[in-house]
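The values are calculated or read from the model by the stated rules, or taken from the named source; none is laboratory data. Because the structure is predicted, anything quoted here is derived from the model rather than measured. A quick note on method: Cβ atoms are made from the backbone with ideal geometry, for glycine too, and the neighbour counts reach across all protein chains shown. SASA here: full protein model, heavy atoms, side chains in, ligands and nucleic acids out. Shrake-Rupley method; radii C 1.70, N 1.55, O 1.52, S 1.80 Å.
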Amino acid sequence: MDTWAYLLIGLAATVVPASALSLLVRTENEKREEGKLPRWARAKNMVSIALGGSAAVDSLPSPKPRVIIGDQSGRVLSGNQSGVVLSRTG
Amino acid sequence: MPAMSEMLRGVLAKEYVECPAMRGIAATDAITKTIKPAARVQLWLVQMLLPDLVAAIERMIVEQADNHPLRRLLGGLLTYVYNPLDLIGDDTPLGRVDDTIICALGLLRGAEVEHVELDPDVRAMCEYAASALPSLSEDLNDSIRAFVRDLESSTRSVKSLHAYP
């Protein structure tokens, strides 16, 4: 008998409040969905979001062509040594 | 960068399997008042151009590395495409129509203002997508035009980070 009582108390303390809270949140979300912003207002909000992305894309580094200089044997040279262009990328 | 256009191709293919054209065309009633079957089919087809328009945007971002106002505009367009909670939610059968038309209008506007030559095929795709705009409901039509206009003017007025050495 005691087990059943504890089980009931446990249920009352956990499942019931959790279900009630979940229902409450769901109802609140549905209400918000009904009263959602008109399209023109959403378009305005969209512009501010897009501006964030546009700054991020603009700050991407521009791909610069990379030239590797080497001598006839294919050895890569450095500094001011003259040689032949081994590869050109970018 | 090209990963996004490839990803979109996969997403659209999956959506097509789940909601083939005959069912998708019927869904156009939600975003338009038009009853002309040709206009409804066009709206459905337009969203299939999105991956190619995104690929064109990605290419332009790389090619026009020194044209910062254009790059910002294109970045704004990509951000719109990424955002699933836009004018038509991307989880609906016609959720990519607004993204496609906005990319098309943005590309045309950017090329015109920045005097950049668009590839003829890309221009044709943009014009086809933009021609679907009058088939949309009036508020959607106005919102899309307003978005492109505001984005273009805002990206032009913002000072580039590149202006500061």
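For peptide B:78-91, the mean count of partner chain Cβ atoms within 10 Å of a residue's Cβ comes to 3.
Karplus-derived 3J(HN,Hα) values for the stretch B:54-59, using 6.51 cos²θ - 1.76 cosθ + 1.60 with θ = phi - 60°, are 5, 5, 5, 5, 4, 5 Hz; glycine and proline are entered as x. About the centre of its Cα atoms, the stretch B:4-159 shows a dipole size close to 160 debye [charges on the beta carbon of Lys, Arg (+1) and Asp, Glu (-1) only; nearest 20 debye]. Surface composition of chain B: carbon and sulfur atoms hold 60% of the protein heavy-atom accessible area at a 1.4 Å probe.
Please work out the average accessible area per residue across the stretch B:1-143, using the 1.4 Å probe convention, and give it in Å². Please report the intermediate quantities before stating the final value.
Details: 6440 Å² over 143 residues.
Here the per-residue accessible area is 45 Å².
Applied to the stretch A:7-18, the Karplus parametrisation 6.51 cos²θ - 1.76 cosθ + 1.60 on θ = phi - 60° returns per-residue 3J(HN,Hα) values of 4, 5, 5, x, 4, 5, 7, 10, 5, 5, x, 5 Hz, with x for Gly and Pro.
Multiplying the residue separation of B:Asp66 and B:His115 by 0.36 nm and removing their Cα-Cα distance gives an extension gain of 16.3 nm. Kindly identify residues of the stretch B:116-156 having a loss of at least 10 Å² in accessible area between the isolated chain and the assembly of all protein chains, probe radius 1.4 Å. The answer is B:Asp139, B:Leu140, B:Ser143, B:Phe147, B:Asp150, B:Leu151, B:Ser154, B:Thr155. Ordering B:8-18, B:134-144, A:10-20 by mean Cβ neighbour count within 10 Å, with the highest value first, yields B:134-144, B:8-18, A:10-20.
Our coupling estimate for the stretch B:101-118, obtained by passing each phi through the Karplus curve with A = 6.51, B = -1.76, C = 1.60 and θ = phi - 60°, is 5, 5, 4, 5, 5, x, 5, 5, 5, x, 5, 5, 5, 8, 6, 10, 7, 8 Hz, Gly and Pro reported as x.
Rounded to the nearest 100, the interface formed by chains A and B buries 2000 square angstrom of accessible surface, both chains summed, with a 1.4 Å probe.
Between the helical axis of B:68-82 and the longest alpha-carbon principal axis of chain B there is an angle of about 30 degrees. In this rough spin-label picture, where each label sits 7 Å from Cα along the Cβ direction, the B:Ser131-B:Ala146 distance is 2.8 nm.
The angle between the Cα long axis of helix B:120-130 and the longest principal axis of the Cα atoms of chain B comes to about 60 degrees, rounded to the nearest 10.
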